[in-house]
Amino acid sequence: MNEESSDQAEKRAGEKTVLQTILTKRVATAGILIAVGLLLSYLNPFAYFTIFGTKINPFAHFINAMAGVLIGMSFGCTVALGIAILRFVIGLGTIHAFHGGISGAFVVGLSAYILRKKYPKYVELAALTEPIGTVFIGGTIAYLIVPLGGIEGLFFYWGLFAMSCIPGCILGYLMLRILKRADITWEDYFPRV
């Protein structure tokens, strides 16, 4: 009986070590993605352009798509929040970076979670769901913050957010495919213990 309980204790200790290592990987990857997202916004003069107070920045959505798939919903939202805060403070982003980025990362993370459970082979496709969150949730919140006319204003915001997130999520999906060929996948962050 003592031998059995010591085996269980060793197994639990091993699982705890694995989970701590995975958490460390997620935190480190989140930090790297925040830094890359900020650098892509700052160093690339063609990275964004401003229309009616909204800065169109596909690279932020590129990072959101990758983060939601690789490190999950909560860390993906944290990455989007970190990039939005830094861009806003530096003057590279607007208030719309918060609800646009976080809602997109949330939907990607949620889609990736569902695909990991049901269809693990297709998890990278979750990156392409980013426009659902960014356009429809983020664009609607933007309209509620700064209403421009009637329903046309809502469609206008949806169009602006779509111009930003559709190219970004496609680039994110392509980068996930490239990373998969290099054996870097979501499974590195979500092992089966």
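So here's what we get for this one:
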| quantity | calculated |
| --- | --- |
| Selection from segment 94-138 of residues that are surrounded by fewer than 21 Cβ atoms within 10 Å (Cβ to Cβ) and over 18 Å from M163 (Cα atoms) | L110, Y113, I114, L115, R116, K117, K118, Y119, P120, K121, Y122, L125 |
| When residues of segment 116-158 are limited to those that are closer than 16 Å to A80 by Cα and not hydrophobic (A, V, I, L, M, F, W, C), the one nearest to the chain's Cα centre (by Cα) | E130 |
| Some residue of segment 116-128 being outside any helix (DSSP H, G or I) and not basic (K, R) | yes |
| Residue within segment 147-157 that is within 16 Å of C77 (Cβ to Cβ) and either among the acidic types (D, E) or in a helix (DSSP H, G or I) (or both) present | no |
| Residue count, segment 142-153 (criterion: in contact with a helix residue (DSSP H, G or I) (Cβ under 7 Å, 6 or more places away or on another chain) and surrounded by fewer than 18 Cβ atoms within 10 Å (Cβ to Cβ)) | 3 |
| Residue within segment 166-180 that is touching a residue at least 40 places away in the same chain (Cβ under 8 Å), surrounded by fewer than 16 Cβ atoms within 10 Å (Cβ to Cβ) and over 20 Å from G76 (Cα atoms) present | no |
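Values in this text are rule-based calculations from the coordinates and carry no lab data. Remember, it's a predicted structure, so these values are computed and weren't measured experimentally. Virtual Cβ from ideal backbone geometry, glycine too; neighbours counted across all protein chains shown.
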